[in-house]
Amino acid sequence: MSSTSSEHSYGLFIGGKDTPGTAGDRQDVLDPATNRAIGSIAVASADDARHAIESAQHGFESSDWAGGDGAQRTKVLQRIARKLEERLDEFARLETLNMGKTLKESRGDMGFVVRTLDYVSGLADKIEGETIPVPGARLDYTLREPLGVTVHIAPWNYPLLLAVRSVAPALAAGNAVVLKPASLTPLTALAFAKLAHEAGLPEGILNVVVGSGGRIGESLIADPRTASVAFTGSGDVGRRIAELAAQRFIPATLELGGKGPVLVFPDADLDRAARGIAFGIFGNAGQMCWAGSRLLVHASISEALVNRVATIAKGLKLGPGSSDGVDMGPLVSPGQLASVLSFVEESGAEGGRIVCGGSRVTSAPLGDGNFLAPTVVADLPSGAHILRDEVFGPVLAVTTFDDTEQGIRAANDTRYGLFASLWTRDLATALATARRLQAGMVSINEAPVTFPQAPFGGYKESGLGFEQGTDAILQFTRRKNVVVNLSQPKPAKTS
Ligand code: NAD
């Protein structure tokens, strides 16, 4: 590993300041395109996690962030959005350097973050209660209060976007936040916290600690001052987080994995479908919870469609995300590459046919990075491992169906239920199928796409609770019912 660059050197962000961790531990951060160090970060100890919670608690109690006028929060969130917009290219470059995705993808992510901040800023002064008719001379009303200290644990595939997706509504609702980004990709979260404070966020209202999920993540959730946890990541860790949250009776939102089916009917526009399918599995190098990773295509058009997708895959230019004209960057780490490759190898042993890709790029100049050629595996038997579990890489697993019932059954034959898509020109088929797909999000004639105002979440083992949309902000509030007795004292009897 080469020496680290001080340009991307960060401490923890606690109490509005960049602080070295108490134990003095540091960790290199790598560029997935070369596996060389690009900077270093402070690694939090359990004491640092406690300090971050303390700082959030103090910020919550001492600033007027929670109790003040929601319109003030609107202003600050909008200032953060404008500052990020001004520095969008710089943040996009940092994201690409750290995570590997193409600059075009990172710019898209940063645009989504700006849009999220703008969207929730508009909700900050619209958190309202209700008045409820009750018997007698009484007034019954509800208040919506912020929860207090909210913990947010984020994955590495959309580092800043997925962090801000839950942090922004928590802030808009008046909470104080402790964010733990993934250790592989912490740079934009740390830079964002600094930017947010420069934009006027009070000290202690957004804290960022980086460290092992098992130690730091769990100690954040176990802290008695933590009022809720918003988690995005894998199902195994999600299950553990649900247990920890249940032990403390605190709410948890869980945004977990997926195994998105893409159903293609015989009347679909195949060129359009092929482009959408390729985008849905090779975008972000396939490291997407809602990748369309299982292609279920009607047998009559299978060869024509698979050939089209394979042609697109072979034409994709691989390279460092920051290079011009690159369509697909590397996988995030050597470990992720090895895991994806093991799925591909196993699929061959299970009878799958590698239509294209299937191997790591070993030639210069990409040989030191985690590059995998975009891969299509066809002719898979229905129980194949690659059709069941989340691969999280640029690998499309293809299987066929002969009639609609069989196709829908195959689409739903998974423990996941995050995203599904379908391609057909027939409106009745489209709408009837969309109803029957067991997924939190369905796209019709559309690659995976979402907006801050549209709910994002999954059925089955893909999670619990939805993010985005107007509900997102309410999840970071609790209701209080207040009843007032309005009856007048009876006049004293005069004898
Ligand atoms: P991961 O579960 O390994 O890690 C996610 C985060 O949890 C990291 O910050 C990690 O440090 C932390 N963590 C790990 N163990 C922990 C513990 N015991 N307690 C508390 N925190 C802990 O996931 P990943 O590899 O970073 O991300 C990939 C996964 O995320 C995939 O399964 C993907 O589908 C899922 N994902 C889901 C969505 C969604 O919105 N549904 C979005 C993106 C990614």
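What follows draws every value from the coordinates through simple rules; no lab data is involved. Since the structure is predicted, the reported quantities are computational estimates derived from the model, not experimental observations. Cβ placement follows ideal geometry from the backbone for every residue including glycine, while neighbour counts extend to all protein chains displayed.
Numbers below:
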{"item": "Extension gain from T404 to D69, taking 0.36 nm per residue of separation minus the Cα-Cα distance", "result": "115.2 nm"}
{"item": "P(r), alpha carbons of the range 401-461 - 5 Å bins starting at zero, rounded %", "result": "4, 17, 27, 27, 17, 6, 2, 0"}
{"item": "Overall form of the chain per C-alpha gyration tensor (a/c, 1.5; a/b vs b/c)", "result": "oblate"}
{"item": "The range 36-112: C-alpha gyration tensor shape, a/c 1.5 cut-off, then a/b vs b/c", "result": "oblate"}
{"item": "Size of electric dipole in the range 261-444: Cβ of Lys, Arg +1 and of Asp, Glu -1, about Cα centre, debye, nearest 20", "result": "260 debye"}
{"item": "FRET E, pair I132, R425, Förster distance 51 Å, beta-carbon r, rounded to 0.05", "result": "0.55"}
{"item": "Angstrom value of the Kirkwood radius, inverse mean 1/r, which spans all Cα pairs in the range 114-269", "result": "17.4 Å"}
{"item": "Using a Förster distance of 25 Å, the FRET efficiency for N412-H385 (Cβ separation, nearest 0.05)", "result": "0.85"}
{"item": "For the range 3-63 and the range 344-415, distance of Cα centres in Å", "result": "38 Å"}
{"item": "For the chain, share of DSSP beta bridges that run antiparallel, in % to the nearest 5", "result": "45 percent"}
{"item": "Between helix 302-315 and the chain: long-axis angle, C-alpha atoms, 0 to 90°, nearest 10", "result": "80 degrees"}
{"item": "Translational diffusion of the range 319-433, µm² s⁻¹ [Kirkwood Rh, Cα pairs; Stokes-Einstein; 20 °C; 1.002 mPa s]", "result": "134 µm²/s"}
{"item": "Equivalent ellipsoid, the range 6-48 (semi-axes from 5 times Cα gyration tensor eigenvalues, Å)", "result": "22, 11, 7"}
{"item": "Rounded to 5, the percent of DSSP beta bridges in the range 261-444 classed as antiparallel", "result": "15 percent"}
{"item": "Counting all C-alpha pairs of the range 1-137, share separated by more than 20 Å (%)", "result": "65 percent"}
{"item": "Longest to shortest principal axis, alpha-carbon extents of the range 57-199, angstrom", "result": "64, 26, 25"}
{"item": "Furthest towards positive pole of dipole, V29, S219, T429, structure part the chain, Cβ charges", "result": "S219"}
{"item": "Percent RCO, i.e. relative contact order, over the range 206-299, from Cα pairs under 8 Å lying at least 6 residues apart", "result": "24 percent"}
{"item": "Relative contact order [Cα under 8 Å, 6+ residues apart], the chain, whole percent", "result": "18 percent"}
{"item": "0 to 90° range, to nearest 10: angle between helix 187-198 axis and the chain longest Cα axis", "result": "30 degrees"}
{"item": "Relative contact order [Cα under 8 Å, 6+ residues apart], the range 165-263, whole percent", "result": "22 percent"}
{"item": "Separation in nanometres of the label points that stand 7 Å from Cα toward Cβ, at S212 and R26", "result": "2.1 nm"}
{"item": "Full-extension gain in nm, R435 to S359, via 0.36 nm per residue minus C-alpha separation", "result": "23.6 nm"}
{"item": "Stretch gain in nm, segment R225-T311, where the contour uses 0.36 nm per residue and the Cα spacing is subtracted", "result": "25.5 nm"}
{"item": "Coarse-grained scattering of the range 348-495 at q = 0.10, 0.13, 0.17, 0.21 Å⁻¹, given as base-10 log I(q)/I(0) from a Debye sum over alpha-carbon atoms", "result": "-0.55, -0.82, -1.14, -1.36"}
{"item": "Zone of D125's modelled label, taken as backbone nitrogen in the range 38-70 under 12 Å from a point 7 Å along Cα→Cβ", "result": "69-70"}
{"item": "C-alpha long axis of helix 235-248 to longest principal axis of the chain, angle in °", "result": "10 degrees"}
{"item": "Relative packing of peptides 216-222, 365-371, 479-485 - highest average C-beta neighbours within 10 Å first", "result": "216-222, 365-371, 479-485"}
